[in-house]
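Worksheet for the structure shown next.
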Amino acid sequence: MFARDIMSRDVLTVTKDTTIQEVAAILTGHKISGLPVVDSDGRVVGIVSEGDLIYQDKKLHTPAFLEILGGVIYLEDPKRVGQELMKMTAAKVVEIMTAKVYTVREDTTVSDIATLMIDRQVNRVPVLDGDGRLVGIVSRQDLIKSLL
């Protein structure tokens with residue numbers, strides 16, 4: 001079996017300019033856990049998930065530091081705090097989406113998709129056609145259904 005045999009073809013998508021509130025409404029209204037983010041040509045540029053939205057309720061962890069002779073030495077990367085803060089206060093998808101998206105082609109085998117999902121710890125993979133445009137999505141639920 002291949003991606004084309006198990007993928008969902010009617011894929012809901014959002015753009016980088018979609019608001020966080022709109023994403024939350026789509027996810028809850030359609031009982032799904034993530035959405036591909038596409039550009040005007042239908043190419044996948046990111047993915048946004050429930051986890052990204054939940055991030056906004058996370059407590060901000062301030063980095064540990066030492067103060068020595070009037071100077072500050074951070075024990076953790078302070079840029080990480082800035083990135084966390086940006087995600088926690090985001091208003092648009094572009095500010096919280098994951099830009100590195102693992103995708104598959106229509107002729108990718110189900111076993112290769114399962115391996116990718118486990119190895120990369122992803123819950124869904126967009127399916128692209130030969131031109132790199134979104135034509136479907138395979139979720140973990142789709143893989144389980146394929147076992148039946």
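The values are calculated or read from the model by the stated rules, or taken from the named source; none is laboratory data. Predicted model only: the values in this text are computed from it and were never measured. Don't worry about glycine lacking a Cβ; one is built from the backbone with ideal geometry, like all the others, and counts go over all protein chains shown.
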Fill in the blank from the handout: Filtering the range 101-112 down to residues that are of a type outside the set (Lys, Arg) and either in a strand (DSSP E or B) or in contact with a Pro (Cβ under 9 Å, 6 or more places away or on another chain) (or both) yields 101, 102, 103, 104, 109
Fill in the blank from the handout: Taking the range 1-24 and keeping residues among the hydrophobic types (A, V, I, L, M, F, W, C), touching a Ser or Thr at 6+ places or on another chain (Cβ under 9 Å) and exposed (fewer than 15 other Cβ atoms within 10 Å of the Cβ) leaves 1
Exercise for the section: Can you give me the number of residues within the range 113-139 that are surrounded by 14 or more Cβ atoms within 10 Å (Cβ to Cβ) and outside any loop (DSSP other than H, G, I, E, B)? Expected result: 15
Exercise for the section: Kindly provide the set of residues from the range 25-42 that are assigned to a helix (DSSP H, G or I) and surrounded by 14 or more Cβ atoms within 10 Å (Cβ to Cβ), ordered by number. Expected result: 26, 27
Completion exercise
Checked against (1) farther than 13 Å from residue 127 by Cα; (2) outside any loop (DSSP other than H, G, I, E, B); (3) not aliphatic (A, V, I, L, M), residue 16 satisfies every condition except (2)
Handout entry: the range 89-100, residues that are outside any helix (DSSP H, G or I) and either crowded, with 17+ Cβ neighbours inside 10 Å or of a type in the set (Asp, Glu) (or both)
Key = 90, 96, 97
Problem - Residue list for the range 6-34, restricted to those being out of contact with any Asp or Glu (no Cβ under 9 Å at 6 or more places or on another chain) and under 20 Å from residue 106 (Cβ atoms) - result: 9, 10, 11, 12, 13
Handout entry: Counted residues, the range 43-64 - those being at pLDDT 90 or above, small (Gly, Ala, Ser) and not in a strand (DSSP E or B)
Key = 0
